[in-house]
Every structure is written in structure tokens, then in C-alpha cells.
Amino acid sequence: MKVPAFLLRRLYVKGSLRNVDGGFAFDLKNTLGSGYAEAVLPVTLDDEALPTSSTRFTVDGTALPFDSVSADNPMTLGMNKTVTIAVDGRQLAPGKHKIGVGFMVTGMGEMVFDVTDVINGAN
């Protein structure tokens, strides 16, 4: 069962794109249903794939590097949970940016979507 990108875009918390110490971050909030990602695809920034080695997600204060996600160590996408995705090594210039996110979800396959958000400046 393929979930359309327009539904997956609902995961993105509009206005959450921000610069953080050493990089940038944004939030996803799962309002679609619980699931488990057995792999996380590279985040894209303005159509450039960023290294998974510099990307992590945080849920309930626990950070997990993208590289550590596997079938044996899945990323949990709990219902109504907010996930912060942070990318180290890149600060964003003010203005619009296109962010792409993708997961391999057990039983559902690849789920990929992109959004455009605006960053107002360095934090």
C-alpha cells in the first residue's frame, strides 16, 4: 500500500525549519498512524542529498543517528509524537528551502515526500 506524498506532507510541522547549534533542524508530527521505519533515506535540502552520517532524529529526548536505523533497530513513528530531525554541518540561509524526507516502512515500502518551508535567519 503506497501512501501518497500529499498525505505524508501532513507529517511536517510547518514553520519548524530552523538553524540550531552546528546545523539545522525541523519537526515531524505523526498524525497518520503508528509505524516502524526499517531504514531512513537521506534528507534532501534543495534537491541535494545530505549524508545520513550527519543526520539524527530525536523522540522523547532520545537521539538516534540515521545510520543506526535497521530492521533490527527500527525508528518508531508513534501516533501523535513529535520527531525532531537534525542535520549537522550545514546552516541555512534565510529564505525558502525544499526539504525531502523518506523512510522504508515495514509492510508498506518506501515513503517519500518533500515540503517547502521558510527560515527567517540564524538562531
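For residue 46 and residue 118, FRET efficiency with R0 = 22 Å and r from the beta-carbon atoms, rounded to 0.05? That gives a FRET efficiency of 0.95.
Report the normalised scattering of segment 35-100 as log10 I(q)/I(0) at q = 0.16, 0.23, 0.25, 0.28 Å⁻¹, calculated by the Debye formula with identical scatterers on the alpha carbons. For segment 35-100 at q = 0.16, 0.23, 0.25, 0.28 Å⁻¹, log10 I(q)/I(0) is -0.57, -1.06, -1.18, -1.32.
Highest mean packing comes first when the peptides 97-105, 65-73, 111-119 are listed by Cβ atoms within 10 Å, giving 97-105, 111-119, 65-73. Counting only protein heavy atoms and a probe of 1.4 Å, the accessible surface of segment 49-113 is 55% carbon and sulfur.
Whole-Hz Karplus values for segment 45-55 come out as 10, 6, 6, 9, 6, 9, x, 5, 5, 10, 10 Hz, taken residue by residue from phi with 6.51 cos²θ - 1.76 cosθ + 1.60 and θ = phi - 60°; glycine and proline positions read x.
With protein chains left intact and a 1.4 Å probe, residues in the chain average 53 Å² of accessible area per residue.
Over the chain, the hull volume per residue, using the convex hull of the C-alpha atoms, is 96 Å³. Residues in segment 63-71 carry Karplus couplings, in order, of 9, 9, x, 3, 4, 8, 6, 7, 4 Hz; the curve used is 6.51 cos²θ - 1.76 cosθ + 1.60 with θ = phi - 60°, and Gly or Pro positions show x.
A convex hull fitted around the alpha carbon atoms of segment 69-114 yields 118 Å³ per residue.
Couplings for segment 21-29, taken from phi via the Karplus curve 6.51 cos²θ - 1.76 cosθ + 1.60 with θ = phi - 60°, read 4, x, x, 9, 8, 7, 10, 10, 10 Hz in order; Gly and Pro are left as x.
The values are calculated or read from the model by the stated rules, or taken from the named source; none is laboratory data. These figures come from a predicted structure and were not determined experimentally. All Cβ positions, glycine included, derive from the backbone under ideal geometry; neighbour counts span all protein chains shown. Just the protein is used for accessible areas: all its heavy atoms, side chains included, with ligands, DNA and RNA removed. Shrake-Rupley method; radii C 1.70, N 1.55, O 1.52, S 1.80 Å.
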